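What follows is a short report on a single structure.
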Amino acid sequence: MRIRQPIRVVPAQSVQDGAGVQIQRALGTRAIEDLDPFLMLDEFKNDDPDNYSGGFPDHPHRGMETVTYMLAGAMRHADNQGNAGRLRPGDVQWMTAGRGIIHSEMPEQEEGLMWGFQLWVNLAAAKKMMRPRYQEIKADEIHTATPAPGVTVKVIAGSIAGVDGPINGIEVDPTYFDVSLEPGAVFEHALPADHSAFIYAFEGEVTVGGGEGAPRTVARGNLAVLGNGEAVKVTAAGAAGRFLLLAGKPLREPVAKYGPFVMNTREQIIQAVDDFRNGRF
Ligand code: FE2
């Protein structure tokens, strides 16, 4: 199997979003706008409440999905259709906005570390106006695989070493792994050759690629876009490392974006703004 080599390594950028929440944006920046079907990846990691307590008050989404994965702290979400929940460390929410929701995502803590990720995934044209859907997964429903010595994989979506992720029914057939490597460990995983794939290192550093190509070191806070091939190879050369592996089937459709509205045409964006302003979400 050909190993996918890192074709770009891009540092996350510090941005503010919501009501003054400090974020590291790894995907969805000028440096790397998107990676079909993925539109955005944010890491939020703060231990100063001034940098997170404002949260994300009421805001809309249409035509896309948001995936929230918490590592520390707690987040309460509530939408305009009566859905509500509370995310604790290790929990995942895969929210399919479809034709539209208005929701808030607010830290439910006053001090301590708040740490997690939010990924945006595009929806196919035929699914953009579907009824909103939530998959809310508790930490203990996310199982761990140990495919090789020193390799621990929390399987959110996709499969490895006989462990299946709990997320299902998503058009782009996603892989979403949280992978921890002990020093010297080697992670290898086959992915469909037609899927887009990237890794985001968030602890220590890892070495991505190898085989026929030149591996590259990817330090914490950097995203590596993976090129063509059938398998991913990541090693922890010196120290330990931890990263997200994301992969999914590209939609190959036109994208018209305006903030949290992600459609195919400008007319659909104008319609989305009009629907939102006139209370049709
Ligand atoms: Fe949101």
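The values are calculated or read from the model by the stated rules, or taken from the named source; none is laboratory data. Just so it is clear, the structure is predicted and the values come from calculations on it, not from any experiment. Using ideal geometry, Cβ is built from the backbone for each residue, glycine included, and neighbour counts are taken over all protein chains shown.
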Scanning the range 89-127 residue by residue, those more than 11 Å from the ligand (Cβ to nearest atom), touching a residue at least 60 places away in the same chain (Cβ under 8 Å) and hydrophobic (A, V, I, L, M, F, W, C) turn out to be Val92, Trp94, Leu113, Met114, Trp115, Phe117, Leu119, Val121, Leu123, Ala124, Ala125
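Every residue in the range 186-233 that is small (Gly, Ala, Ser) and surrounded by 16 or more Cβ atoms within 10 Å (Cβ to Cβ), please. Break it down stepwise before answering.
Taking the range 186-233 as the starting set, the residues that turn out to be small (Gly, Ala, Ser) are 190, 193, 196-197, 201, 204, 209-211, 213-214, 219, 221, 224, 227, 229, 231.
Those that are small (Gly, Ala, Ser) and surrounded by 16 or more Cβ atoms within 10 Å (Cβ to Cβ): Ser196, Ala197, Ala201, Gly204, Gly209, Gly210, Gly213, Gly221, Ala224, Gly229.
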Test: residue in the range 39-50 that is under 30 Å from Ala214 (Cβ atoms), away from the ligand (no atom under 16 Å from the Cβ) and either touching a Cys at 6+ places or on another chain (Cβ under 9 Å) or not aromatic (Phe, Trp, Tyr) (or both): no
Any hit, the range 58-65, residues being modelled with pLDDT of 95 or more and more than 14 Å from the ligand (Cβ to nearest atom): no
Would you check if Pro149 is in contact with a helix residue (DSSP H, G or I) (Cβ under 7 Å, 6 or more places away or on another chain) and either of a type outside the set (S, T, N, Q) or in a strand (DSSP E or B) (or both)? no
Specify the residue that is nearest to Pro192 (Cα to Cα); the eligible residues are those in the range 220-260 that are in a strand (DSSP E or B) and either within 16 Å of the ligand (Cβ to nearest atom) or β-branched (Val, Ile, Thr) (or both). Val232
Index of the failed condition, Met129 passing every other in (1) part of a strand (DSSP E or B); (2) closer than 28 Å to Ile102 by Cα; (3) of a type in the set (A, V, I, L, M, F, W, C): (1)
For the range 3-78, give me every one of the strands (runs of 3 or more DSSP E) that falls completely inside it and has 1 or more residues that are in contact (Cβ under 8 Å) with a residue 40 or more places away in the chain and crowded, with 20+ Cβ neighbours inside 10 Å. 6-11, 21-27, 38-46, 56-61, 64-72
So Phe187 ticks every box in (1) more than 16 Å from the ligand (Cβ to nearest atom); (2) outside any strand (DSSP E or B) but one. Which box is left unticked? (2)
